[in-house]
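Structure first, commentary second.
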Amino acid sequence: RQSMSPSSDFPISARQSPYRSAGFAATYDRLAVAHQFAGPGRDLVMMLDISASCRVLDVGAGTGAATIPAVEAVGSAGFVVALDPSLEMLAVLHTKCTAGVVAGEVPGLPFADSAFDAVLTNFVLSHTRDYALALADMVRVLRPNGQLGVTAWAPGGSVASQVWRSIATKFVSEEMLAQGFRDLLPWDEWFSDPTHLQQALAEAELQNIQIAQRAYRISISASDFLAMKEASVEGRLLLESLSWGERNQLKRQMIDSFLRRFKDRIEYTREVHFALGTKSAP
């Protein structure tokens, strides 16, 4: 594991979390959750076999991609807690379901040992500064014989993302954009290898570890794809580094290029790794 330090090439605001913005939260929920995160979130809940009356914690819940199916699974007899550091994300989630919402981070979960029957985290481990400490804290609040489940993106991107990046790197260097992304998601590339997921769960002393992979077909309009990319970590980093004039020039080039290349519809496949483990009984 390599240590990561923030890049000095981006302004300090770009190196802070982009998720603490009401505008970002709304766009993220409308586009990223609907097209990219909701499917894996539902499947993660199903793989954990969460049943009625379970106590469930969703770590890094965002606007509820996995929280909402967990609430449906536990019914009125159970309860789900959605934890996220972004009040803006939690505010959106609160309008959509009955889960309890808690502002917080991992490590540092504000819950007692063995408080939950299941803990899940949907595309969150890559954001943590020390995934081992984060997993240890999640295992701590999990009851013995309870399950923990995580998701991570498999490697590979779409043609549309490649086109977006080729235009973006006309305005900032490839190295600068990549470093800024690594600052905010230091383990994204590392967890794209499923053997690393298995290793991380084994290091957290989880048992009966299962690794699975599923592919998701995404169909989105060109305008929505560009809006989703603009609100992504990379998009936010890019815009933070440009002047207003450069931003307008960038947007014009993006729109022109995407309309020529893709017309109105973009379709691509994203693959997702799932990893599940069980906390051993004392």
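Just to check your reading of the model, which residue among Leu90, Leu48, Leu125, Leu31 is open to solvent by less than 30 Å² (accessible area, probe 1.4 Å) and in contact with a Phe, Trp or Tyr (Cβ under 7 Å, 6 or more places away or on another chain)? Show your work before the answer.
Values: Leu90 fails: in contact with a Phe, Trp or Tyr (Cβ under 7 Å, 6 or more places away or on another chain); Leu48 fails: in contact with a Phe, Trp or Tyr (Cβ under 7 Å, 6 or more places away or on another chain); Leu31 fails: in contact with a Phe, Trp or Tyr (Cβ under 7 Å, 6 or more places away or on another chain).
Going through Leu90, Leu48, Leu125, Leu31 in turn, just one is open to solvent by less than 30 Å² (accessible area, probe 1.4 Å) and in contact with a Phe, Trp or Tyr (Cβ under 7 Å, 6 or more places away or on another chain): Leu125.
Residue-wise test of (1) open to solvent by 70 Å² or more (accessible area, probe 1.4 Å); (2) in a helix (DSSP H, G or I); (3) in contact with a Gly (Cβ under 8 Å, 6 or more places away or on another chain).
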| position | (1), (2), (3) |
| --- | --- |
| Lys229 | no, yes, yes |
| Gly235 | no, yes, no |
| Gln249 | yes, yes, no |
| Arg252 | yes, yes, no |
| Asp256 | yes, yes, no |
| Arg261 | yes, yes, no |
| Ala275 | no, no, yes |
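Scan region 51-79 for residues that are open to solvent by 10 Å² or more (accessible area, probe 1.4 Å) and assigned to a strand (DSSP E or B) and jot them down.
Hits for region 51-79 are Arg55, Phe79.
Looking only at residues that are part of a helix (DSSP H, G or I) and either under 11 Å from Ala32 (Cα atoms) or not hydrophobic (A, V, I, L, M, F, W, C) (or both) in region 205-225, which one is most open to solvent (accessible area, probe 1.4 Å)? If you could, list the steps in order and put the result at the bottom.
Of all residues in region 205-225, those part of a helix (DSSP H, G or I) come to 222-225.
So of that shortlist, the ones also either under 11 Å from Ala32 (Cα atoms) or not hydrophobic (A, V, I, L, M, F, W, C) (or both) come out as 223-225.
Values: Ser223: 76, Asp224: 43, Phe225: 2 Å².
Applying the filter and picking the extreme gives Ser223.
Considering only residues of region 103-122 that are among the aliphatic types (A, V, I, L, M) and open to solvent by less than 40 Å² (accessible area, probe 1.4 Å), which is farthest from His273 (Cα to Cα)? Outline the logic, then answer.
Taking region 103-122 first, the residues among the aliphatic types (A, V, I, L, M) are 103, 106, 109, 112, 115, 118-120.
Filter again for open to solvent by less than 40 Å² (accessible area, probe 1.4 Å), leaving 106, 109, 115, 118-120.
Numbers: Val106: 21, Leu109: 24, Ala115: 26, Ala118: 19, Val119: 17, Leu120: 14 Å.
Within region 103-122, the match that is farthest from His273 (Cα to Cα) is Ala115.
Residues of region 34-45 being over 14 Å from the mean Cα position of the chain (by Cα) and either closer than 12 Å to Ala118 by Cβ or open to solvent by less than 10 Å² (accessible area, probe 1.4 Å) (or both), which ones?
Listed by number, the list holds a single entry, Val45.
Kindly state which strands (runs of 3 or more DSSP E) lie completely within region 98-156 and contain at least 1 residues that are among the aromatic types (Phe, Trp, Tyr), over 20 Å from Glu88 (Cβ atoms) and over 14 Å from the mean Cα position of the chain (by Cα). It would help to see each step written out before you state the result.
Details: elements: 100-103, 116-122, 142-153.
Because the criterion is at least 1 residues that are among the aromatic types (Phe, Trp, Tyr), over 20 Å from Glu88 (Cβ atoms) and over 14 Å from the mean Cα position of the chain (by Cα), the strands (runs of 3 or more DSSP E) in region 98-156 that meet it are 116-122.
Only residues that are of a type in the set (Val, Ile, Thr), under 30 Å from Lys263 (Cα atoms) and open to solvent by less than 10 Å² (accessible area, probe 1.4 Å): list them for region 135-171, please.
Keep residues of region 135-171 that are of a type in the set (Val, Ile, Thr), which gives 139, 141, 150-151, 159, 163, 167, 169.
If we keep only those that are under 30 Å from Lys263 (Cα atoms) too, we end up with 159, 163, 167, 169.
Selection gives Ile167 alone.
Considering only residues of region 184-203 that are of a type in the set (Phe, Trp, Tyr) and outside any loop (DSSP other than H, G, I, E, B), which is surrounded by the fewest Cβ atoms within 10 Å (Cβ to Cβ)?
Trp190
If only one of Val80, Val59 is among the β-branched types (Val, Ile, Thr), within 16 Å of the chain's Cα centre (by Cα) and within 13 Å of Val119 (Cα to Cα), which one is it? Give the derivation first.
On the way: Val80 fails: within 16 Å of the chain's Cα centre (by Cα).
Just a single option satisfies the conditions, and that option is Val59.
The values are calculated or read from the model by the stated rules, or taken from the named source; none is laboratory data. Note that the structure is a prediction, hence the values are computed from the model and not measured. FYI the Cβ positions are ideal-geometry reconstructions off the backbone, even for glycines, and counts take in every protein chain you see. All accessible areas refer to the heavy atoms of the entire protein, side chains included, with ligands and DNA or RNA removed. Shrake-Rupley method; radii C 1.70, N 1.55, O 1.52, S 1.80 Å.
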